[in-house]
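Student: Below is a structure I'd like to ask you about.
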Amino acid sequence: MRRRTGLAIAGVAALAWGEWLNWRWSRALVGSNGGASAAVVVLGYRNPQATANLINRWRVCAGIRSIAADGMHGTCVIFSGGATSSGATEAQLMADYAKSVLEFDGTVLLEDQSATTWENITNVIPLLEDVDHIKIASQPAHALKARAYLRRQRPDLAERLVRADDYRPGEWLAVKPLLALYGLWTLRGLKADERKVSL
């Protein structure tokens with residue numbers, strides 16, 4: 001009985017830890033800067049099949065709901081990701097899913113050359129020059145990494161970063177501890193000042 005209770009407590013603690021860490025990451029390196037125009041950058045994930053995989057479908061949903069979060073009109077969505085083994089690009093697969101399944105009819109831009117997160121940011125920068133708000137949608141740790149990369153490459157544009165709606169309490173609850181562990185591993189290379197706000 002004690003062992004079962006101990007396991008239950010450990011399980012609840014792991015879920016709470018994963019939830020908290022993802023919540024914290026979703027709020028790091030963002031501000032509340034004003035302005036009228038916005039862009040949501042949706043980062044792609046490895047996609048060997050000819051349609052958007054589960055992770056890319058979720059990221060598209062997070063990107064689309066990030067538009068509604070602030071009620072801004074005219075927000076464009078930038079899908080970023082290069083070629084997959086199926087021949088299509090991650091960007092195109094995500095855009096197709098947004099239009100055909102989610103029935104998104106807003107402005108869509110594609111960045112279809114990137115193979116890494118660093119390249120995602122490098123290649124979307126020209127599309128972000130004229131917007132007042134920049135949101136990056138992905139799993140919270142990955143989005144934080146991308147925000148840190150924008151901060152390194154273009155500190156002036158990083159000042160325009162605001163929160164995306166890519167964290168919701170209870171969403172992906174069972175896997176959030178695993179996402180948190182993976183996030184800690186992927187964020188280990190951030191500079192010391194970025195690490196302070198990420199852990």
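Student: Label LEU102 and TYR182 with points 7 Å out from Cα along Cα→Cβ: what is the distance between them in nm?
Tutor: So the two model labels end up 1.9 nm from each other.
Student: OK, next. Simple spin-label model, 7 Å along Cα-to-Cβ: SER86 to ARG65 in nm?
Tutor: 2.3
Student: Once the Cβ-Cβ distance between SER37 and GLU119 is put in as r, and R0 is 35 Å, what FRET efficiency do you end up with, to the nearest 0.05? Write out the running numbers ahead of the final one.
Tutor: Values: r = 24 Å, r/R0 = 0.70.
Using R0 = 35 Å, I get an efficiency of 0.90.
Student: While we're here: Could you state how much accessible area SER32 has, in square angstrom rounded to the nearest 10, with a 1.4 Å probe and all protein chains kept in place?
Tutor: My reading of the accessible area for SER32 is about 110 Å².
Student: Would you rank THR186, THR5 by solvent-accessible area, highest first, keeping every protein chain in place and using a 1.4 Å probe? Before the final figure, lay out each step's value.
Tutor: Numbers: THR186 25, THR5 65 Å².
The ordering from most to least exposed comes out as THR5, THR186.
Student: Okay, helix-only estimate at 222 nm for the chain: each DSSP H run of n ≥ 4 adds -39500 (n - 2.57), divide by all residues, round to 500 deg cm²/dmol; what do you get?
Tutor: -16000 deg cm²/dmol
Student: Computed on alpha carbon atoms, what radius of gyration and Dmax characterise the chain, expressed in Å?
Tutor: 17.2, 61
Student: Between helix 117-128 and the chain, what is the angle of the helix's C-alpha long axis to the longest principal axis, kept within 0 to 90° and rounded to the nearest 10?
Tutor: 40
Student: In degrees from 0 to 90, rounded to the nearest 10, what is the angle of the helix 140-153 Cα long axis to the longest principal axis of the chain?
Tutor: Here the helix axis deviates by roughly 50 degrees.
Student: Let me ask another. Calculate the spin-label point distance for ILE55 paired with GLU171, positioning each point 7 Å from the Cα along the beta-carbon direction, and give it in nanometres.
Tutor: 1.7
Student: Under 24 Å between alpha carbons: how many lysine pairs meet that in the chain, if sequence neighbours fewer than 8 apart on the same chain are excluded?
Tutor: Count of close lysine pairs: 9.
Student: A further question on this structure: For the chain, which whole-number percentage of the solvent-accessible area (1.4 Å probe, protein heavy atoms only) is attributable to carbon and sulfur atoms? Before the final figure, lay out the partial values.
Tutor: Values: 5810 of 9920 Å².
Whole-percent figure for carbon plus sulfur exposure: 59.
Student: Arranged from highest to lowest average of other beta-carbon atoms within 10 Å per residue, in what order do the peptides 146-158, 167-179 appear?
Tutor: Working: 146-158: 18.0, 167-179: 14.5.
Ranked from most to least packed, the peptides come out as 146-158, 167-179.
Student: From the protein chains alone at 1.4 Å, what is the descending order of accessible area for PHE104, PHE79, largest first?
Tutor: Numbers: PHE104 35, PHE79 0 Å².
Highest to lowest solvent-accessible surface, that is PHE104, PHE79.
Student: Can I ask one more? What are the ³J(HN,Hα) couplings of the stretch 12-28, residue after residue, when phi is run through the Karplus curve with 6.51, -1.76, 1.60 and θ = phi - 60°? Round to Hz, x for glycine and proline.
Tutor: Running phi through 6.51 cos²θ - 1.76 cosθ + 1.60 with θ = phi - 60° gives 5, 4, 5, 5, 5, 5, x, 4, 4, 5, 5, 4, 5, 4, 5, 10, 8 Hz.
Student: Looking at the chain, what % of its DSSP beta bridges pair antiparallel, to the nearest 5? The partial results should precede the final answer.
Tutor: Values: 1 of 17 bridges.
So the antiparallel bridges amount to about 5 percent of the total.
Student: For the stretch 104-199, what are Rg and Dmax over the alpha carbons, in angstrom?
Tutor: Considering the stretch 104-199 through its Cα atoms, Rg and Dmax are 14.1, 41 Å.
Student: Let me ask another. At 1.4 Å probe size, put TRP20, TRP58, TRP185 in order of accessible surface, largest to smallest. Could you put the intermediate results ahead of the total?
Tutor: Details: TRP20 115, TRP58 30, TRP185 140 Å².
Result, largest first: TRP185, TRP20, TRP58.
The values are calculated or read from the model by the stated rules, or taken from the named source; none is laboratory data. These figures come from a predicted structure and were not determined experimentally. So basically every Cβ, Gly included, is an ideal-geometry build from the backbone, and we count neighbours across all protein chains shown. Heads up: the accessible areas ignore ligands, DNA and RNA and are worked out on the full protein's heavy atoms, side chains in. Shrake-Rupley method; radii C 1.70, N 1.55, O 1.52, S 1.80 Å.
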